[in-house]
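K.L.:
Okay, here's the structure, questions in a sec.
The values are calculated or read from the model by the stated rules, or taken from the named source; none is laboratory data. Nothing here was measured: the structure is a model prediction, and the numbers come from that model. For neighbour counting, all protein chains shown are included, and Cβ atoms are generated from backbone atoms with ideal geometry for every residue, glycine included. Areas reflect the complete protein model, heavy atoms only, side chains present, ligands, DNA and RNA absent. Shrake-Rupley method; radii C 1.70, N 1.55, O 1.52, S 1.80 Å.
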Amino acid sequence: MAQPETSLTATVTPQDWSWATVMVVDDEEINRDLLAAIARRNGIGTIVEARDGLDCLRKLETVHPDLIILDIVMPNLDGFATCARIRAIPAWVDIPILVQTALTTPQDVLACFEAGASDVVAKPIRPAELSARLRVHLENRRMVRTLRDTNQRIHKEMQGAREMQRTLFPAPALLEQLRGNHGLAIEGRVEPLDGVGGDIWTVHSLSDTLVAVMMADFSGHGLMPALNTFWLHAFISKQSTAMREPADFLKLLNGALRSNLMRGHFATLFFGLIDLERDELRWSGAGAPKPVLVLNGDFHQLDTTGLPLGLTERASYTNHSIAFPPGAKLLLFSDGLTDIATDDGTRLESHGLLERLQPLLTRFPDADLNSILDAVVPPGRAQLSDDTTAVWIRRQHQHSSARPDQRHLTLVGVDFAALTSWIAWLALPTRQQPLPDQSQRPIHLIASGDDAALTAAFGSSFAAIIEVVTSQLNQTPAEELALPPVDHHLLVSMTTSTAYRLPLAMLFCDSLLARGMIGEAAKGNILLALQEAIANGVVHGNLELHSPRRAFENMRAYWAEIRRRLADPIKAERRITLDARLRDNTVLVTITDQGRGYNPDTVQIRDASRPHGKGLKLIGQLALAREIARGGRQHTLTFTREID
């Protein structure tokens, strides 16, 4: 190969490139030496040499250069192929590649750029030109790195801000307390458009019979309205006395916001008082979207007429009231929900929300918030244009009971100190011994992989059996792990790999039978349905294996693919959670996986000649009813108990 011609009389002013690493790839040692010498004369701190394309790829596994000088004509792997392979690896795709070649026709130069070159230098090499190009690409590299570092820092700071903003929303322990003490099942979801946003909702227990709920939406997006939510949260935390009169409270908030908001900023707000003694909801509104009240099967939109807060000191607000007995439900939402575009490009608006809400709640009166949002905004079919918040409040029928919480913790292979965050988030008891003279209802927290302990736990009168994965303890536990302290409510949560190994459906059904939650006659249908639902959750959900068995050469190939996916720790540690509770003469079993979900409306139409969804059809035949929520990740099956 011809050597690059160089003039040693050329001079280049050294620059501060001591931070830079340059890789020189050429099969001729003398060429590498000369190119390296030019790089050093420019002050480049680290020079790495590779003798051909394969050597270059091997060294890129351990070295992270800021620029590559690449020859085209080389043995083993030429420059075109080397360049293409580098661009195919995400971690290397943005490394500048400076090609040096004697192939200088327009077609040759175009081929270099098509292969992924950043720049081309013609041979014989002119040191001044090469030095100038080095400086240009390294300066660009420095700017890109600075921009990336800045973006990463901003992203990290925004993540921290979002986590801080999440602390403003009611904690799961508070919501569980409201459920247990006041009979109010409250769920909320906040989806900021830009990581953090101007939506906030809060709940305050003012007395044994009075609960305040508020939702506010500050104008704008991003950090500024988010800062306003912090101010509002701090202000209202000191106003429990003023909260007892909704209209007066809004007038107080309006004056405070008028003094503290930047000019042109404002907030819409709904504030309500749930009076459990009078079975009444009293509220006042400041331009917020009209909440939907479901009462005795009828749907009402509450009046929220009133100027947004912070616009003028002359604003006035009005008190309203309506019955809110046990069984009543209330949906609060920000305008981000009704501003979502529908399939025809128009906004959903309030009437569209009602059109989608009414059929769901008529058929499933006890639907949770995730089911509501999936019905209103089907997963994958809408894009947010604003911060979006929804709060779903259900007043439950209280069952009087003077007995204390009979649950206690049983730990196997896990340390209590490591579980502190989970215990707080899930409102679990902290006792590790049962109360004297009380029925035992242990909550088993068992280290992942201890199949013997997990199986043995089913022999107890457990409230819950949860397989604990150490790496998950620093994360917020999944919502489906929360369980109320009632007698007839069982929960089992295991990893994908464990649910694949153990006869989970049989163990769960035996527990339902032993606890008197079902009769022997009901066990057969429930067992078959659960076996199918758990298999779907494991294989199609958590393992994301969507191809049917017939797509494989034989069953051995099918099981080999399952074992291959189980070897992926991310998939293997996803959860399958079973939750059983009684409702009148039926038992409801909820199966939740942590996969990507699916659209239940399309599983039957992917191949008309070979219908899919046979498992879902079988489950539908065995169960009285089936409710699908969370984008296909959660199935609630209703069965008759058949108690003699």
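K.L.:
Quick check on my filter: what residues within region 401-432 are modelled with pLDDT under 75, in a loop (DSSP other than H, G, I, E, B) and among the small types (Gly, Ala, Ser)?
P.N.:
Selection gives SER401, ALA402, ALA427.
K.L.:
Looking at (1) among the hydrophobic types (A, V, I, L, M, F, W, C); (2) open to solvent by 10 Å² or more (accessible area, probe 1.4 Å); (3) closer than 12 Å to VAL24 by Cβ, can you tell me which one LEU98 breaks?
P.N.:
For LEU98, the failing item is (2).
K.L.:
Looking at region 508-533, which of its residues are assigned to a loop (DSSP other than H, G, I, E, B) and open to solvent by 50 Å² or more (accessible area, probe 1.4 Å)?
P.N.:
Residue satisfying the conditions is ARG515 alone.
K.L.:
How many residues, within region 376-400, are modelled with pLDDT of 65 or more and closer than 22 Å to GLY327 by Cβ?
P.N.:
Looking only at that region, the number is 9.
K.L.:
To continue, here is another question. So, of the residues in region 563-600 that are without any contact (Cβ under 8 Å) to a residue 24 or more places away in the chain and in a helix (DSSP H, G or I), which turns out to be least open to solvent (accessible area, probe 1.4 Å)?
P.N.:
This residue is ARG565.
K.L.:
I would also like to ask the following. Mind listing just one residue for me: the one in region 615-644 that is at positive phi and open to solvent by less than 30 Å² (accessible area, probe 1.4 Å) and, of those, farthest from the chain's Cα centre (by Cα)?
P.N.:
It comes out as GLY632.
K.L.:
Search region 245-257 for residues being under 17 Å from GLU313 (Cβ atoms) and under 36 Å from the mean Cα position of the chain (by Cα), and hand back the single one that is surrounded by the fewest Cβ atoms within 10 Å (Cβ to Cβ).
P.N.:
For region 245-257, the residue satisfying everything is ALA256.
K.L.:
For region 121-139, which positions are over 21 Å from ILE72 (Cα atoms) and either open to solvent by 70 Å² or more (accessible area, probe 1.4 Å) or assigned to a loop (DSSP other than H, G, I, E, B) (or both)?
P.N.:
Matches in region 121-139: VAL136 only.
K.L.:
Anything in region 205-236 that is assigned to a loop (DSSP other than H, G, I, E, B) and either hydrophobic (A, V, I, L, M, F, W, C) or over 29 Å from the mean Cα position of the chain (by Cα) (or both)? List them, or say none.
P.N.:
LEU206, SER207, ASP208, THR209
K.L.:
Further question: So, in region 58-111, exactly how many residues are within 21 Å of ALA132 (Cβ to Cβ), part of a loop (DSSP other than H, G, I, E, B) and β-branched (Val, Ile, Thr)?
P.N.:
3
K.L.:
Let me ask you something else. Conditions: (1) at pLDDT below 85; (2) closer than 23 Å to HIS635 by Cα. SER350 meets all but one. Number of the miss?
P.N.:
(2)
K.L.:
Open to solvent by 20 Å² or more (accessible area, probe 1.4 Å) and either touching a helix residue (DSSP H, G or I) at 6+ places or on another chain (Cβ under 8 Å) or touching a residue at least 24 places away in the same chain (Cβ under 8 Å) (or both), is that true of ALA242?
P.N.:
Answer is yes for this residue.
K.L.:
Let me ask another. Determine the pairs where a residue that is closer than 20 Å to ASP510 by Cβ, located within region 523-551, has a partner that is outside any helix (DSSP H, G or I) and among the hydroxyl-bearing types (Ser, Thr, Tyr) with Cβ atoms under 8 Å apart, the partner being 6 or more residues away or on another chain.
P.N.:
So the pair list comes out as GLY537/THR592.
K.L.:
When only residues in region 534-543 that are in contact with a helix residue (DSSP H, G or I) (Cβ under 6 Å, 6 or more places away or on another chain) and assigned to a helix (DSSP H, G or I) count, which is farthest from ARG626 (Cα to Cα)?
P.N.:
ASN542
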